[in-house]
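Below: the structure, in structure tokens.
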Amino acid sequence: MPMKQEQSSFLEAISGNTPPIHQDSKPPVDSFQNDELLYRRYLSEHFNGGKILPASFRFPRQSFNRSRFSKPEDVLHPDCCGGKALSTQGEWGVLECRVGQIPSPVGSLDGRSSYIFSPKHVPTPTCYAHSELWCRKDSSDADEYDNPPTSVKETFRIKLARVMAVRIPTV
Amino acid sequence: MPCMSQARNTLDSQTYGLRTAGRARLGSALSVAREEEFFRQLFRETRSSSKFLERQRRFELLEGSLIRLRSLSQGWDSYDSEPPSFDATGLAANFLRKLYRESFLPSSIVPSAEGGAALYFVGGNKNAYTEFRNSGELIVALYDDKIEPIVVELSADADETRAIELLRSYFR
């Protein structure tokens, strides 16, 4: 599906025609600084009253681009959208938050367990900056992914929505 | 005694005149009061009818949002999210009708990236949402900018009344 003329021009203008960095056999970089930014695209309908809605996030492993290897607008580029142009049905913008703002840990309702959320660099062939938010019980190994209970998921979605700010408004 | 009789007649005549004038004034005052009450009632009815129309218009817009959710396809958010199922949007539509009858409409209805339909409520700095999940769950979440969010898990086909009670008491 072709992109809207204005959306296509907008992307070219803001990206300066530079595509996102491709992986090209580069290995992931495990470490994240607390002040590194994470970028994520959003739909205009998920932005209401000056805030992003928790409905914008889903489990597991929310996708982001890390700023160390990405410009904010890269998340709107087909190379970072699984090779597909964004649907012309929606209006898209870019959100950001600092790694240090990720709400973690989040306790379960019964208070028995606590879940730690942290970014993980998971490059794709055409989007080296691609990263994911991983979740694990505080007692699990760092490389494990633990699926949290519903109350933890919802609490995390709400807290994540609180810290996400608009970097590029919807067009 | 003609003088006395004449005087009584004059007095009776004056009293009658005063009574007539008094009745006329009272009648006029009552008429003004009735008129005022009539216009007050008319104003109340017009205002109430305008509120009714406003509520009706809002309900139709929300219903339209819900219908549009049914046309979404897999990956609608570009992050491979499931579209809201027919069952989830159907349950959300029933819930919306209940809210309409209770004069408690949400501010927006959007697709949820978790798979389902989400109804958002905003009142001052308080926020809440109910999500009708494709899985059959009904989630109610109450939150603002500061407090720890309150999350309640319900069953979508049985706990709608409980969901409305929770929302109402949170925004009271």
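Quick notes on this structure:
- In this structure, B:F171 and A:E132 have a Cβ-Cβ separation that, at R0 = 41 Å, corresponds to a calculated FRET efficiency of about 0.70.
- With Cα atoms, 0 to 90° folded angle of helix A:150-163 axis to chain A main axis: 50
- Each residue was assigned an accessible area with a 1.4 Å probe, and for A:C80 the value is about 20 Å².
- Annotation for B:I147 and A:D143: the two label points, set 7 Å from Cα along the Cα-Cβ direction, are 4.3 nm apart.
- Taking Cβ separations below 4.7 Å as the criterion for a possible disulfide partner, the isolated cysteines in chain A are A:C81, A:C97, A:C135.
- With both labels modelled 7 Å from their Cα along Cα-to-Cβ, the A:K84 to B:S48 distance reads 5.1 nm.
- Across A:V94, A:V29, A:V122, mean-square fluctuation computed from a Gaussian network of chain A (C-alpha pairs under 10 Å connected) peaks at A:V29.
- Three-way shape label, the stretch B:77-172, alpha-carbon gyration tensor, a/c 1.5: oblate
- Among A:Q89, A:Q23, A:Q62, residue whose mean-square fluctuation peaks in a GNM of chain A (springs only between Cα atoms under 10 Å): A:Q89
- Efficiency of FRET between B:R34 and B:F59 - r from beta-carbon atoms, R0 41 angstrom, step 0.05: 0.65
- Directionally averaged projected area (convex hull, Cα atoms, the protein assembly as shown), nm²: 28.1
- Legend: P(r) of the stretch A:81-171 from all alpha carbon pair distances, 5 Å bins from 0, whole percents, reading 3, 12, 17, 19, 19, 15, 9, 5, 1, 0.
- The length gained by stretching the chain between B:Q41 and B:D159 to full extension, at 0.36 nm per residue less their Cα-Cα distance, is 38.5 nm.
- Annotation: average projected area of the stretch A:6-154 is 10.0 square nanometres, based on the convex hull of Cα atoms across all directions.
- Overall size of the stretch B:21-132 from C-alpha positions, given as principal axis extents largest first: 85, 28, 20 Å.
- Compared with the dominant principal axis of the Cα atoms in chain A, helix A:5-15 is inclined by about 70°.
- Loop sites in the stretch A:107-170: GluC sites (Glu not before Pro), DSSP, at most 14 other Cβ within 10 Å: A:E144
- P(r) tail, the stretch A:37-96: Cα-Cα pairs separated by more than 14 Å, 57% of all pairs.
- B versus A: buried accessible surface, summed, Å² (probe 1.4 Å, to nearest 100): 2300
The values are calculated or read from the model by the stated rules, or taken from the named source; none is laboratory data. This is a predicted model, so every value here is computed, not measured. When we count neighbours, we look across all protein chains shown, and the Cβ atoms used for this are built from the backbone with ideal geometry, even at glycine. Heads up: the accessible areas ignore ligands, DNA and RNA and are worked out on the full protein's heavy atoms, side chains in. Shrake-Rupley method; radii C 1.70, N 1.55, O 1.52, S 1.80 Å.
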